[in-house]
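Please treat every number below as a calculation from the coordinates, not as lab data. What you see is a predicted model, and the numbers here were worked out from it, not measured in a lab. Counting neighbours? That spans all protein chains shown, and the Cβs are built from the backbone with ideal geometry, glycine included.
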Amino acid sequence: MSGTQPVTVGPPSSEGGRPVYIRGVPVGHAHGLWDLVVFLHRADLREGLADEDQIAASPLIKWLGGGADQWEP
């Protein structure tokens, strides 16, 4: 699921938020960029992904069904 991008953020779900996969493994459901910061730190992916602005612009993240600003269906 990840290819050259180790992080995949799935499309917004009907309940809100988005599923997050790191290296193809589901790690949780994010309801905003701050949740991604937490998941990435837990996975030791901190370099260049330390805050919400860096995460929103990172080429390491594949966004499905909308970009970093879409969290609701």
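Considering only Gly28, Gly17, Gly48, the mean-square fluctuation computed in a Gaussian network model of the chain, springs between alpha carbons under 10 angstrom, is largest for Gly48. Helix-only arithmetic for the chain: the sum of -39500 (n - 2.57) across DSSP H runs with n ≥ 4, divided by the residue total, places the mean residue ellipticity at 222 nm at -6000 deg cm²/dmol. Comparing Ala43, Ala56, Ala30 in a Gaussian network model of the chain, where Cα atoms under 10 Å apart are tied by springs, the biggest mean-square fluctuation is seen for Ala43. Compared with the dominant principal axis of the Cα atoms in the chain, helix 33-42 is inclined by about 40°. Each Lys and Arg adds +1 at its Cβ and each Asp and Glu adds -1 at its Cβ; summed about the Cα centre, region 14-73 shows a dipole of about 300 debye.
Across region 10-68, the fraction of Cα-Cα pairs farther apart than 14 Å, rounded to a whole number, is 50%.
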